[in-house]
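**Q** I have a structure here, written as structure tokens, and I will follow up with some questions on it.
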Amino acid sequence: MTIRTIATLTLLLLVSAALSFSQGLYWESNTTSPMLKEKTLHSTFSYMPGMMRQASAENGTATIFRLDRKVIVSINEHNKTYSEMTFDEIESAVRKKGEGIDKQKNILAEKMKNLPEEKRKMMEKMLGSASAGDPAETPVTVTKTAEAKTISGYACTQYVLHQGEKTIMTVWATKDIAGYAAMQKELQEFGRRMASLNAANGKSLADAMKEVVGFPIMTQIGETLTTTVIKVESRPTSHDMFEVPNGYQKTPSPYLQP
């Protein structure tokens, strides 16, 4: 899993958690995808002000978002290890990676100048000509449709997110869960910061998601990924759940390696 993937998933998690309760919030979701074939990925989420935990029993992993400490902790329950990344470290790693990609693009562009015209045009078509525009600069827009349906027992309204002519996400959100936006500002600020790690959508996606009113019960990313919340309840969570378990060994974060 790449840092960009983590960034995208992080943003989705935070968008989904754009409601909170002073006593805490707990929810469960199922994710399906053609890439998972017939498998359904079940995840649980716990939220308390300044803290969030996502866990997958099937994978034996958990991710703790300490918004108060500005740290993301990855836990592997199988081998009793954990790794940490500060927000600053993640942003620095992404910047370095971006600089490396830009350097490679410049080298490739110089090499392509010396190619015969026919081959150069073929390469531009394969790689995507710069004249076609950078999709990262195309703003994400949101359309609230008239479509409505009940999902997991909640009345939901459909929102469709576009980037240019492409539909990148469909969200079914409900306003039937009390306590919406009690801690929304905290989550949105973190969401905007993490959004900068996703060059394909970036800040535009984070800003667009603010137009989705209510708690997202179902989120569909293109035709490749569907996440459905199947249970939501107000529930306090012990602060111990947002800490590394005793006896776990710290290892370097694989996402920060060169």
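None of the figures in this text is laboratory data; all of them are computed from the coordinates on show. Everything numeric in this text was worked out from a predicted model, so none of it was measured. Here Cβ is always computed from backbone atoms with ideal geometry, including for glycine, and neighbour counts include all displayed protein chains.
**Q** Over 30 Å between Cα atoms: which of 39/149; 121/210; 39/166; 39/231 fall into that group?
**A** Among 39/149; 121/210; 39/166; 39/231, the Cα-Cα distance tops 30 Å for 121/210.
**Q** Arrange the following residues from fewest to most other Cβ atoms within 10 Å of their Cβ: 147, 91.
**A** Taking fewest neighbouring Cβ atoms as first place, the list is 147, 91.
**Q** Whole-Hz ³J(HN,Hα) for each residue in the range 147-154, computed from phi via Karplus 6.51 cos²θ - 1.76 cosθ + 1.60 with θ = phi - 60°, x for glycine and proline: what do you get?
**A** My calculation for the range 147-154 gives 6, 8, 7, 8, 10, 6, x, 10 Hz in order.
**Q** Now a separate question. Please turn the phi angles of the range 50-63 into ³J(HN,Hα) values with the Karplus equation 6.51 cos²θ - 1.76 cosθ + 1.60 (θ = phi - 60°), one per residue in order, whole Hz, x for glycine and proline.
**A** Per-residue couplings from phi come out as x, 8, 8, 9, 10, 9, 10, 5, 5, 8, x, 10, 8, 10 Hz.
**Q** Working out 0.36 nm times the residue gap between residue 70 and residue 150, then minus their Cα-Cα distance, what length gain in nm do you get to one decimal?
**A** Stretched fully, the residue 70-residue 150 segment lengthens by 25.2 nm.
**Q** Please find the FRET efficiency linking residue 39 to residue 108, where r is the Cβ-Cβ separation and R0 is fixed at 35 Å, and quote it to the nearest 0.05.
**A** The formula returns an efficiency of 0.40 here.
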